[in-house]
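Here's the structure, in structure tokens; my notes come after.
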Amino acid sequence: MGCILSIIEAKNKEIRNSSLEVLSESQKIAKTKNLENKVVILGEYDQNNSNQINEFGIDVVLLGATDKIKDYSPDLYKNTILGLINQLEPEIILFSGSAIGKDISPRISANLNYNLVTECIEIKVEDDGYKIKRPIFAGKIIQTLKFNKEPIVMSLKSNYFMVKKVGQKEYSTEQVNIEEIENTTAPMLKEIIQPQKETLDVSEASIIVAGGRGMKEPNNFKLIEELAEVLDAAVGASRAVVDAGWRPHSEQVGQTGKIVSPNLYIAAGISGAIQHQVGMINSKCIVAINKDKNAPIFKFADYGIVGDLFEIIPELITKLKE
Amino acid sequence: MNIAVCIKQVPDTASQLKISEDNKSIDENGIKYEINPFDEYALEEALRLKDNDSTINITVISLGPERVKKSLTKTLAMGADEALHIETDEVIDDCINIAKIIADEIKKNQYDLILFGKKSVDQDNNQVGIMIGELNNISCISNCSEFRIEGNKIIANREVEGSVEVFESELPAIITHEKGKNELRYPSLKDLMAAKKKPINTVKNEAGKDKKSELIKLEYPEKREEGVIIGEDKSAVTKLVRILREEKKII
């Protein structure tokens, strides 16, 4: 029986949400193709947390989570995953679209001369291969590709797939041997810089409150931050305010920033230029606050308030606190 | 020091794209091509290194059809020393094949630093620079927002979810660059005119021999339904909160 191998990331002893999305998809593919569903967990993970993963139809858990691999090391990850692929000969290797997934999947693919399809939003198993949909041009267009050669490496677009549990299932656990590599030329992690204030990242948040040029000046983003705090949301920004130096690039949503799809996206003082639109159009619910009733954002926002955001946002904060 | 910067020519991000009748390509009529924004940030980093050390030699490399030359000329006007056009009229879909072609060209020279944008904004693949690192056995740090060189080492800040990872590597190294902190420069008309006289080296490639994927179709995403304006002032807020809490149940 062939197998599918999913690369699962754990952080602070928890499986990351983007990896739970991978687990949901991998069990679906495994079932359709009658493959063994094997997963390797890398990072910082506590085995006692198995309730997080025991409902995804997993057959085998390969535990690669040790102190050695707690933080990301391209070399250690690469060698561990290549070793497993060599041993298990999976037909499909599935990654998440996380920062680690984006860095490691091309390394694996190039070493094995396998094809890599990134940012998949739909994977259809057919008799003679796979039909995969992925957004291009930041989602302005959807591309359908067909692959009929295996093995194939795929990575999923984050925040796109539903996390879907299929009921409890027993699985076997094997420890993976992680070998340190000597005399490596690979990049080594020296330090992790945490933000001064614990903040949610737009790429992982389920609610985003974003501000644009309509905020008028950088100081006024205090309002956005306050609203974000009340909603337990991440702060987002348009390209205009990032380019003006009001906000860091890590908050930029759009074609040259992050492409997000939270449950709720509140856009304040953002006109909705195409550059921004493609970054957030897949949000489940979009709320726009803008004083210009002709702003393009009202064409695709689910709910709009035409008015002065300096009156509306404080009112919103008050009402939400009630 | 020898630096290579790999750039891709892509439709301007403000373009309204139209799918051709074959449903497999973009209608090129009326499309303005520009240098991929992330590649421009990578190039800017190289130019800033050269601003401080004129002995640095920058080669800009681009794979693509004839029109790519215009972007290469622009980089020469911005301050790059040499331009290499890897000519192909074929559209190569598989990143691994693109990576192999560029990797072969890179191998022919001794570069200390090879810069890429983290991804191209047309195909959003996020693969080629990292793959070339593996193919040529060069250390690669991806998704960097800034880096500095100290002696034979490079120290780079890699942007990840919610934090920044500082990686260190020996040279030669590959960096794939995020949007940087530095403002981009624009060439003057005079520099552009002068650059037109500079040579662009051209090589042909044998692409697409090992085609791995087949493009079935392109389509537009589903349109969002037009929403509703729920009010014109702060009195709409109560209604909004009720919708989000009770109807949508998302807060």
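For the range A:294-304, 3J(HN,Hα) computed residue by residue from phi via the Karplus equation (6.51, -1.76, 1.60; θ = phi - 60°) reads 8, 4, x, 4, 5, 6, 10, 7, 6, 10, x Hz, glycine and proline entered as x. What is the percent of Cα-Cα separations in the range A:87-146 that go past 14 Å? Here the long-distance tail beyond 14 Å is 62 percent of all Cα pairs in the range A:87-146. Between amide H atoms placed 1.01 Å from N, distances below 5 Å from A:Gly57 occur with A:Val166, A:Lys169, all of them 5 or more places distant or on a separate chain. Taking amide H positions as modeled 1.01 Å from N, with prolines and chain starts lacking one, the residues under 5 Å from A:Ser6 and 5 or more places away or on another chain are A:Lys38, A:Val39, A:Val40, A:Leu94. Within the same chain, lysines fewer than 8 places from B:Lys153 are excluded, and of the rest, those with a Cα less than 18 Å from its Cα are A:Lys190, B:Lys50. Charge tally for B:Lys69 (other residues, Cβ to Cβ under 12 Å; Lys, Arg +1; Asp, Glu -1): +3.
For chain B, the longest principal axis of the Cα atoms and the long axis of helix B:95-107 meet at an angle of about 30 degrees.
Annotation: average projected area of the range A:207-321 is 6.0 square nanometres, based on the convex hull of Cα atoms across all directions.
Result for chain B in a Gaussian network model with C-alpha springs under 10 Å: among B:Lys239, B:Lys24, B:Lys118, the largest mean-square fluctuation is at B:Lys239. Sorting A:Val39, A:Val176 from the fewest to the most surrounding beta carbons within 10 angstrom yields A:Val176, A:Val39. Mean partner shielding of peptide A:98-106, defined as the number of other chain Cβ atoms within 10 Å of each residue Cβ, is 6. From the alpha carbon centroid of the range B:212-244 to that of the range B:75-126 is 37 Å.
Each Cα pair under 8 Å and six or more residues apart adds its separation to the average, and for chain A the resulting relative contact order is 14 percent. Seen against the Cα atoms of chain A and their longest principal axis, helix A:221-231 is set at about 60 degrees. Rounded to the nearest Hz, the phi-derived 3J(HN,Hα) couplings of the range B:158-172 under the Karplus curve 6.51 cos²θ - 1.76 cosθ + 1.60 (θ = phi - 60°) are 9, 7, 10, 4, x, 8, 10, 9, 9, 10, 10, 8, 7, 7, x, where x marks glycine and proline. Kirkwood radius, the protein assembly as shown, all distinct C-alpha pairs, inverse of mean reciprocal distance: 24.8 Å. Across the range B:212-251, the fraction of Cα-Cα pairs farther apart than 16 Å, rounded to a whole number, is 61%. Any idea how far the Cα center of the range A:94-149 sits from the one of the range A:2-35, in Å? What the calculation gives is 15 Å, centre to centre.
Sequence-distant contacts, meaning Cα pairs under 8 Å at least 6 residues apart, place the relative contact order of the range B:30-125 at 36 percent.
For the range A:145-159, the Karplus equation 6.51 cos²θ - 1.76 cosθ + 1.60, evaluated at θ = phi - 60°, returns couplings of 10, 10, 10, 10, 10, 10, x, 9, 10, 10, 10, 8, 5, 5, 6 Hz by residue, with Gly and Pro reported as x. With respect to chain A, whose longest principal axis is taken over its alpha-carbon atoms, helix A:74-88 is tilted by about 50°. Could you give me the percent of Cα pairs per 10 Å distance bin for chain B, shortest bin first, beginning at zero and ending with the bin that holds the maximum distance? Whole-percent P(r) values from 0 Å outward: 6, 27, 30, 19, 10, 7, 1. Shielding by partners for peptide B:131-137, expressed as the average number of C-beta atoms from other protein chains within 10 Å of each residue's C-beta, is 4. If you take all C-alpha pairs in chain A, what percent of them are over 24 Å apart? Looking at chain A, the distances longer than 24 Å represent 58 percent of pairs. A convex hull fitted to the Cα coordinates of the range B:27-96 yields 110 cubic angstrom per residue. I need the semi-axes of the equivalent ellipsoid of the range A:3-175: take the C-alpha gyration tensor, multiply each eigenvalue by 5, square-root it, list largest first in whole angstrom. So the three semi-axes of the range A:3-175 are 23, 18, 16 Å. For a straight C-alpha distance cut-off of 20 angstrom, the aspartates and glutamates reachable from A:Lys124 (same-chain residues fewer than eight places away being disregarded) are A:Glu21, A:Glu25, A:Glu36, A:Glu91, A:Glu150, B:Asp93, B:Asp94, B:Glu214, B:Glu219, B:Glu222. Exposure proxy ranking for A:Glu226, B:Glu247, B:Glu159, A:Glu204, based on other Cβ atoms within 10 angstrom of each Cβ and starting from the fewest, stands as B:Glu247, A:Glu226, A:Glu204, B:Glu159.
The mean sequence separation of alpha-carbon pairs under 8 Å and at least six residues apart, normalised by the residue count of chain B, gives a relative contact order of 23 percent. Counted by Cβ distance under 9 Å from A:Phe300, the other residues give a net charge of 0, where Lys and Arg count +1 and Asp and Glu count -1. Taking 27 Å as the limit for the C-alpha separation, the pairs A:Lys13/B:Lys179; A:Lys102/A:Lys131; A:Lys157/B:Lys211; A:Lys28/A:Lys102; A:Lys31/A:Lys258; A:Lys293/B:Lys32 exceed it in the case of A:Lys13/B:Lys179; A:Lys31/A:Lys258; A:Lys293/B:Lys32.
Per-residue shielding of B:211-224, expressed as the average number of other chain Cβ atoms within 10 Å of the residue Cβ, stands at 6. Remark on B:Glu34: its backbone amide H falls under 5 Å from those of B:Val10, B:Asp12, a criterion applied only to residues 5 or more positions apart or on other chains, H modelled at 1.01 Å from N. What number comes out for the charge environment of B:Phe116, summing +1 per Lys or Arg and -1 per Asp or Glu over other residues with Cβ under 10 Å away? That works out to +2. For the range B:105-251, the convex hull spanned by the alpha carbon atoms encloses 289 Å³ per residue.
Each value in this text was obtained by applying a stated rule to the coordinates, not by laboratory testing. On a predicted model such as this, the values are computed, not experimentally measured, just so you know. Don't worry about glycine lacking a Cβ; one is built from the backbone with ideal geometry, like all the others, and counts go over all protein chains shown.
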